[in-house]
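Quick notes on the structure that follows.
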Amino acid sequence: MKPALLIASPQLKDPHFARAVVLLWHHDEEGAIGVVVNRPLDRTLPDVLELPGDIDLSWYADTHVTWGGPVEMGSGTVVTPQAVPDDEGWNVDGIGVSRSMDVLVSLLEAREPLLLCLGYAGWGPGQLDDELQAGGWLWTDLDPKLVFETPHDQKYDRALATLGLTAAMVWMSPVSE
């Protein structure tokens, strides 16, 4: 699967991923990785960042950190509409993704828009494929506007709408049925 937005099916009851929209940037035979982009936490960037130097974070006073997934919740993933250096992250369909502190600091200094996602979502070999086959997820093309310009509480419904769907219209069942 190419990079995409994964949309949890309405029947997915896993409390980690119910109504989740996941920016999936890597998927191959070794597994998959992404971050949930629609779960804001009650903390802002200035609340969680301890940076060297004198970076002014007041620009980000209202920028909430998001819960990116259950893996390595003590670390962050930066998602931005800016390109990131290829050796420090991934650039997919107008979205830069990085786990580099240098990239984060550079974006903050330039006052670039960003999401800081704590933790990430990871799937082992074949795991996401199995979940897709079981009807746990839908997917749609990456859309930077949906990720960066849509309020968090509207991302799930808008992601479904890109497929011409509403949650009430979706009933997922395993592909084998």
Looking only at residues in the range 123-150 that are among the small types (G, A, S) and at pLDDT 95 or above, which one is nearest to T162 (Cα to Cα)? G126
If a residue must be free of Cβ contacts under 8 Å to residues at least 60 places away in the same chain and within 18 Å of the chain's Cα centre (by Cα), how many such residues does the range 29-64 contain? 4
Any residue that is surrounded by fewer than 17 Cβ atoms within 10 Å (Cβ to Cβ), under 24 Å from D153 (Cβ atoms) and among the basic types (K, R) - is there at least one of those in the range 6-15? yes
Filtering the range 17-45 down to residues that are surrounded by fewer than 21 Cβ atoms within 10 Å (Cβ to Cβ) and within 17 Å of L138 (Cβ to Cβ) yields A18, R19, H27
If you go through the range 71-109, how many residues are farther than 12 Å from V35 by Cβ, within 14 Å of the chain's Cα centre (by Cα) and among the aliphatic types (A, V, I, L, M)? 1
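The values are calculated or read from the model by the stated rules, or taken from the named source; none is laboratory data. Since the model is a prediction, treat every value here as computed from it, not as a measurement. All Cβ positions, glycine included, derive from the backbone under ideal geometry; neighbour counts span all protein chains shown.
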